[in-house]
1. Where in region 23-87 are there strands (runs of 3 or more DSSP E), lying fully within it, with 3 or more residues that are within 23 Å of residue 101 (Cβ to Cβ) and at pLDDT 95 or above?
2. Could you give every pair whose Cβ atoms fall below 7 Å, whose first residue belongs to region 98-113 and is within 20 Å of residue 22 (Cα to Cα), and whose second residue is at pLDDT 90 or above, counting only separations of at least 6 or pairs across chains?
3. Does any residue in region 72-95 that is closer than 10 Å to residue 34 by Cβ come within less than 8 Å, Cβ to Cβ, of a residue that is of a type in the set (Asp, Glu) and surrounded by 13 or more Cβ atoms within 10 Å (Cβ to Cβ) six or more places away or on a different chain, and which pairs are these?
4. Name the single residue, out of those in region 61-113 being within 23 Å of residue 44 (Cα to Cα) and of a type in the set (S, T, N, Q), that is farthest from the chain's Cα centre (by Cα).
Amino acid sequence: MKRMIIAILAIMLMASTAWASPFLVCDCQTDFDGDYVLIFDGGTPIIHPAVQNDCPVGEVRVNLDMAPLALPDGQHSLEGYAKSVWGESTRVPFDFNKVVPANLLGIGLSATP
């Protein structure tokens, strides 16, 4: 019984990391030395530094954890662009919907999957 509980806890821990908050990412870019500017729902711009996460050497991208933004449920708009000392890229719009899953219904045990 003790091993079963440990196995269940291990599975829960793995699942919690797999279901971590969403991240806003873009394709890796070469020859970019600047920041990304992200504007959610027409609000105050967020200046986010370029990072090399999962990019080849010499390339960067945006990689923003969305959880700390604490956006309310519902439809949202985002406008993003890259900015350096030389200027700004074209602004790219992106719409998304934050939806929390509904309550679980009909849960129980079954002899078959």
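The values are calculated or read from the model by the stated rules, or taken from the named source; none is laboratory data. Quick caveat, the model's predicted, so the values are computed rather than measured. So basically every Cβ, Gly included, is an ideal-geometry build from the backbone, and we count neighbours across all protein chains shown.
1. Details: elements: 23-25, 35-40, 46-49, 63-65, 74-84.
Hits in region 23-87: 74-84.
2. Close Cβ pairs satisfying both conditions: 98/71; 98/73; 98/74; 98/76; 99/73; 100/73.
3. Here the result reads 82/35; 83/35; 84/35, each pair linking region 72-95 to a residue that is of a type in the set (Asp, Glu) and surrounded by 13 or more Cβ atoms within 10 Å (Cβ to Cβ).
4. Among those that are within 23 Å of residue 44 (Cα to Cα) and of a type in the set (S, T, N, Q), it is 84.
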